[in-house]
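Q: Sharing a structure here in structure tokens format.
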Amino acid sequence: MQTVLVTGATRGIGKAEVQKFLREGYRVFATSTSGTVDYAHENLEVFPLDLRSSESIAACASKVAGTHIPVDILINNAGVLLDEEETTLIPEKLRATLEVNLVGTAAFTEAILPLMSAQGIIVMTSSTAGSLTLVNRSLSHHPLHYPAYKISKAALNMYMRSLALRLGGTGITVFSVHPGWVKTDMGGEEADLTPEEAAEGIYETIIARPETGGFYFKKEELPW
């Protein structure tokens, strides 16, 4: 049985990803800030994780290590959108956004790296909002709105690419995914996809094991 670790599993895409992998027969380690979720399964274990806290990141990684079960797939799903209605950059919101979407995610990934299996997969949940090419073209976002979020996802893509280069030849694959415009608290009710449809697309991309260092939506490579 393979093991997948999903951050931000309380609701939305993260919850749908956990439930998809459980249906497919995986063991799932999930995280939430409280350490609890509103669902259960015999192959599910939930750990507390606050990506704003170095202590929480270290404690969560220690708990995962304590299972003595290698992580085959890490899905960095947890993230925040703090400036949805903003059209100008607010430095305080940028700092808070980067703390979760970039710094915390990178720190957690680095902490889990030693626990990954030899042919492991690391996934960053990004967005076309973080693509320099697509930022003006997607129906799911306005070119002027939420600059801090866009900056954080562009930076996350660069962390992914640098990590993929660093791990080249090790057997570990690293890539980013765009989940689509999804009906979540973040995406809103006008979005195109349900969380379950987004999770299905991400699952299919993961099991296809695309080329490391890429940026994908439903197995198709996206431009930067």
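What follows draws every value from the coordinates through simple rules; no lab data is involved. Because the structure is predicted, anything quoted here is derived from the model rather than measured. Cβ coordinates were reconstructed from backbone atoms using ideal geometry, including for glycine residues, and neighbour counts include every protein chain displayed.
Q: I'd like the residue in segment 53-92 that is of a type in the set (D, E, K, R) and in contact with a Phe, Trp or Tyr (Cβ under 9 Å, 6 or more places away or on another chain) and, out of all such residues, is nearest to Ala16 (Cα to Cα).
A: Here the answer is Asp72.
Q: Show me the helices (runs of 4 or more DSSP H) entirely contained within segment 76-173 in which 2 or more residues are free of Cβ contacts under 8 Å to residues at least 60 places away in the same chain and out of contact with any helix residue (DSSP H, G or I) (no Cβ under 8 Å at 6 or more places or on another chain).
A: 91-98, 147-166
Q: A further question on this structure: Regarding segment 44-64, can at least one residue be identified that is free of Cβ contacts under 8 Å to residues at least 24 places away in the same chain, part of a helix (DSSP H, G or I) and among the hydroxyl-bearing types (Ser, Thr, Tyr)?
A: yes
Q: Something else about it: Name the single residue, out of those in segment 13-32 being over 14 Å from Asp72 (Cα atoms) and out of contact with any strand residue (DSSP E or B) (no Cβ under 7 Å at 6 or more places or on another chain), that is surrounded by the fewest Cβ atoms within 10 Å (Cβ to Cβ).
A: The selected residue is Arg23.
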